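*Asks:* I have a structure I would like to understand better, so I am pasting it below and will then ask my questions one at a time.
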Amino acid sequence: MKAIEANFDGLVGPSHNYAGLSFGNVASKSNANAVSNPKKAALQGLDKMKALADLGMFQGVLAPQERPDVHSLRRVGFTGSDEKVLSDAYKKAPAIFLACCSASSMWTANAATVSPSADCKDNKLHFTPANLTNKFHRAIEPKVTGNILKAVFNNSEYFEHHQHLPENDHFGDEGAANHTRFCSEYGDAGTEFFVYGKYAFDSSKIAPKKFPARQTREASEAIARLHQLDDTKTVFAQQNPDVIDQGVFHNDVIAVGNKNVLFYHDQAFLNTQQVKQDILKSFGNNDFHFIEVPSEQVSVQDAVKSYLFNTQLINLPNGDMVIIAPSDCEENQAVNAYLNTLIQDNNPITNVHYFDVKQSMQNGGGPACLRLRVVLNEQQQQAVNKNAVMNNGLYSKLTTWVNKHYRDQLCAADLADPSFLLESRTALDELTQIMHLGSVYPFQR
Ligand code: SUG
């Protein structure tokens, strides 16, 4: 069946801030305590969404989470009114307080793993929210993520929503950031490619030493089972532990795929030859392009700094395959030189479009982190909540909404201000009406 690949970007939430919460993520740590600009962050994200919609892409929007998360603070023993919970947590446990204020759900590549219906035995499109167990500030996302996905893909005939995997490091799951799909046409059965950082149930196997491996092999296998994938169309590969130790906390920081292309750094995988063989065998024909970026041209450090691989590799409606890159790639000399030759070489990638997503980049999230890919056939496209699909009308509503409710600077102390909680809840309540989401947030239930 004919299908397209849609991108669902996370709308940056009103609490966007820099709290240095992600050990192993270089940008998050190095920008800790910087003053953020939530309004600018949200508008940068909306501009990217609008530009992709204008290029003819099916572009969706996923709502942010409720933050500050007073409910999680209550679970860890803070009591009294919401205002008291916030001020006590801020004073007595500032690190936990900040974790409960993160706008990290903007990175919807970590929202879920999605398998198109053409790959799944029951012919349904499967979603499993990521449990994100490795970081507390992210581990509090999956339940509401599930609510939001169900409100956007609200049709049980076409869409199958699973519960997130058990909340334990053994099943640490980071969603689509560690998952890629290859196919000839989007509507064909594809090869689903899962990249994990370690085996959780076998400590004799090689693993990173300095930074955590967030995705386990066992989690990837569990997702493949839940989604009823065909074993012959599923490939598992281990990320190179050395690059995790250099700040590559997700595979989408070092590799990206689309259709019959895998664009990756030569140090991305533990056993590159095996990975290539496995992909080709599963893909079933040789019309496949491995675009390997050599370390001599782009170092791992430059890849992490510029997010060359955290780019979106997409097919425009006219069939052209293009890269959606952060402007940081244009500013990095080695990366810019590489990209300029790449688009002239003999390969399917024809152009690069640059976007300023610096507010997100400073927390370690490039264009690809900000979007969740969902392959949709024609019937499924019709079944998506129309108020979550980007067009001129929604763009204008959402930019007005951001300009009305968002602050243009935010630091830790502002997050404890009771008026900030009220402001955020008012904004989110209005958003659920704009997007016809129903009551997805705990404060609305
Ligand atoms: O999980 N940063 C996110 C960035 C996620 C990027 N996603 C992908 N690569 N797909 C993370 O590390 C930083 C928040 C802070 O420090 O305030 C943060 O959560």
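*Asks:* What percent antiparallel are the DSSP beta bridges of the stretch 271-409, to the nearest 5?
*Replies:* Values: 4 of 10 bridges.
Counting only bridges with both partners in the stretch 271-409, antiparallel ones make up about 40 percent.
*Asks:* Take the chain, mark every one of the chymotrypsin sites (Phe, Trp or Tyr not before Pro) that falls in a DSSP loop and has at most 16 other Cβ within 10 Å, then report the longest stretch left between them, sites excluded.
*Replies:* On the way: sites that count: Phe23, Phe201.
It runs 202-445.
*Asks:* Right, another one. How large is the accessible surface of Lys91 in square angstrom, using a 1.4 angstrom probe and rounding to the nearest 10?
*Replies:* Rounded to the nearest 10, the figure is 150 Å².
*Asks:* Rounded, prolate or oblate, given the Cα gyration tensor of the stretch 112-221, with a/c below 1.5 counting as rounded? Each step should come with its number before you reach the end.
*Replies:* Working: a/c = 2.54, a/b = 1.41, b/c = 1.80.
The shape class here is oblate.
*Asks:* Right, another one. I need the shape label for the chain. Rule: rounded when a/c is under 1.5, else prolate if a/b > b/c, else oblate, with a, b, c from the alpha carbon gyration tensor.
*Replies:* Working: a/c = 1.43, a/b = 1.34, b/c = 1.07.
It comes out rounded by the Cα gyration axes.
*Asks:* Using only the heavy atoms of the protein chains and a 1.4 Å probe, how would Thr350, Thr399, Thr216, Thr79 rank by accessible area, largest first? Each step should come with its number before you reach the end.
*Replies:* Numbers: Thr350 65, Thr399 25, Thr216 0, Thr79 90 Å².
Accessible-area ranking of Thr350, Thr399, Thr216, Thr79, largest first: Thr79, Thr350, Thr399, Thr216.
*Asks:* Right, here's the next one. Given a 1.4 angstrom probe, what's the average accessible area per residue across the stretch 168-283, in square angstrom?
*Replies:* Each residue of the stretch 168-283 exposes 36 Å² on average to a 1.4 Å probe.
*Asks:* Which of the three applies to the stretch 49-159, rounded, prolate or oblate, going by the alpha-carbon gyration tensor with a ≥ b ≥ c and a/c under 1.5 meaning rounded? Could you put the intermediate results ahead of the total?
*Replies:* Values: a/c = 2.82, a/b = 2.05, b/c = 1.37.
It is prolate, given that a/c is not under 1.5 and a/b is the larger ratio.
*Asks:* Sticking with this one: Could you tell me the relative contact order of the chain? Use alpha-carbon pairs under 8 Å, at least six residues apart, and round to a whole percent. Spell out each step's value before the answer.
*Replies:* Values: 960 pairs, mean separation 102.5, N = 445.
So the answer I get is 23 percent.
*Asks:* What share of the DSSP beta bridges in the stretch 1-129 is antiparallel, in percent to the nearest 5?
*Replies:* Working: 4 of 8 bridges.
For the stretch 1-129, the DSSP antiparallel bridge percentage is about 50.
*Asks:* Using Cα centres only, tell me the gap between the stretch 1-79 and the stretch 228-305 in whole Å.
*Replies:* Between the Cα centre of the stretch 1-79 and that of the stretch 228-305, the gap is 26 Å.
*Asks:* While we're looking at this one, here's another question. Could you give the alpha-carbon Rg of the stretch 179-264 over 2.2 N^0.38 Å, rounded to two decimals? Don't jump to the answer; show the numbers that get you there.
*Replies:* Details: Rg = 13.5 Å, N = 86, 2.2 N^0.38 = 12.0 Å.
Ratio of Cα Rg to 2.2 N^0.38 Å: 1.13.
*Asks:* Ok, one more. In the stretch 1-52, how many lysine pairs have Cα atoms under 27 Å apart, counting only pairs 8 or more places apart or on different chains?
*Replies:* For the stretch 1-52, qualifying lysine pairs total 9.
*Asks:* Counting DSSP beta bridges in the chain, what percent are antiparallel, to the nearest 5?
*Replies:* Working: 27 of 51 bridges.
Of those bridges, close to 55 percent are antiparallel.
*Asks:* With a probe of 1.4 Å, find how much accessible area the stretch 349-445 has per residue, and write the answer as a whole number in Å².
*Replies:* On the way: 3930 Å² over 97 residues.
Value for the stretch 349-445: 41 Å² per residue.
*Asks:* Nearest 500 deg cm²/dmol is fine: what mean residue ellipticity at 222 nm does the chain get from its DSSP H runs of n ≥ 4 alone, each adding -39,500 (n - 2.57), divided by its residue count?
*Replies:* Details: 18 runs with 153 residues, N = 445.
The helix contribution divided over the chain gives -9500 deg cm²/dmol.
*Asks:* Need the full-extension length gain, Ser30 to Thr232, defined as separation in residues times 0.36 nm minus the C-alpha distance. One decimal, nm.
*Replies:* Values: separation 202, 0.36 × 202 = 72.72 nm, distance 4.22 nm.
Net length gain for the segment: 68.5 nm.
*Asks:* Taking 7 Å along the Cα-to-C-beta vector as the label spot, tell me the Gln433-Lys397 distance in nanometres, rounded to one decimal.
*Replies:* It works out to 1.1 nm between the two label points.
*Asks:* If I compute solvent accessible area with a 1.4 Å probe over the protein chains, what percent of it on the chain is carbon and sulfur?
*Replies:* Working: 8090 of 16910 Å².
The computed percentage sits at 48.
The values are calculated or read from the model by the stated rules, or taken from the named source; none is laboratory data. Quick caveat, the model's predicted, so the values are computed rather than measured. Quick reminder, even Gly has a Cβ in these numbers, built from the backbone with ideal geometry, and neighbours come from all protein chains shown. These area figures cover heavy atoms from the full protein model, side chains too; ligands, DNA and RNA do not enter into them. Shrake-Rupley method; radii C 1.70, N 1.55, O 1.52, S 1.80 Å.
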